[in-house]
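Quick notes on the structure that follows.
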Amino acid sequence: MGWSAELLAGQLGRRPSSLCRSVFSGTITSRTAQDVAALYEQLWELAPPRMTLEQRAAADAAEACAAVGGWPPPLAWDDIDTDPTPPPTTRSPAPDDIDEIAVERALAGDSVSDDDLTSAEQQEVVRRLTARGSSIRDIAAQLGTTKRTVSRRRAAIGAA
């Protein structure tokens, strides 16, 4: 629903990197399961904060990450004992695969430079920042690149 790893980790008293490892690992401890279940009960129907540009960027990136991962929304879990089994979500890796965490960090201004991102991630960050109304100058400053590079990326995505 748009809760970023940073916000969730803060609520759990953990570092975002630790929470991400737990999310993507095959197993977790019973304590982590209990803590996450309790947090879920608190947040399942609440939207994350979206007051600032940074908060909106983090929420948008978290929603995109959930969509890419095929993660169902909370109400999809309301009656899992009787609901039909959903079809498996399969995703084949592509050479232009996007790391949503990297994109989220770049959108939030978390010291991620253009050089830290793949070409597909760079395009996605420029696309999202452009859609939010950021100027070429602002995008270039945020990514530590040149206005010319941003202008080229905008032209490549048809947002020049």
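The values are calculated or read from the model by the stated rules, or taken from the named source; none is laboratory data. Values in this document were obtained by computation on a predicted structure and should not be read as measured data. Quick reminder, even Gly has a Cβ in these numbers, built from the backbone with ideal geometry, and neighbours come from all protein chains shown.
When residues in the range 132-160 are screened for being assigned to a helix (DSSP H, G or I) and under 20 Å from the mean Cα position of the chain (by Cα), 3 of them pass. No other residue among 112, 125, 150 is β-branched (Val, Ile, Thr), touching a helix residue (DSSP H, G or I) at 6+ places or on another chain (Cβ under 9 Å) and at pLDDT below 80 apart from 112. Only one entry of 94, 57 meets the criterion of being in contact with a helix residue (DSSP H, G or I) (Cβ under 7 Å, 6 or more places away or on another chain) and either at pLDDT below 80 or assigned to a helix (DSSP H, G or I) (or both), and that entry is 57. Looking only at the range 97-131, residues that are under 19 Å from residue 148 (Cβ atoms) and part of a loop (DSSP other than H, G, I, E, B) come to 2 in all.
Restricted to the range 60-77, and to residues there that are within 17 Å of residue 131 (Cβ to Cβ) and among the small types (Gly, Ala, Ser), the residue that is surrounded by the most Cβ atoms within 10 Å (Cβ to Cβ) is 61.
Looking across the range 15-32, the residues that are loosely packed, with under 12 Cβ neighbours inside 10 Å and either assigned to a helix (DSSP H, G or I) or touching a Ser or Thr at 6+ places or on another chain (Cβ under 9 Å) (or both) come down to 17, 24, 29, 30, 31. Scan the range 106-119 residue by residue and report those that are farther than 21 Å from residue 52 by Cα and more than 15 Å from the chain's Cα centre (by Cα). 113, 114, 115, 116, 118, 119 - these are the residues of the range 106-119 that are farther than 21 Å from residue 52 by Cα and more than 15 Å from the chain's Cα centre (by Cα).
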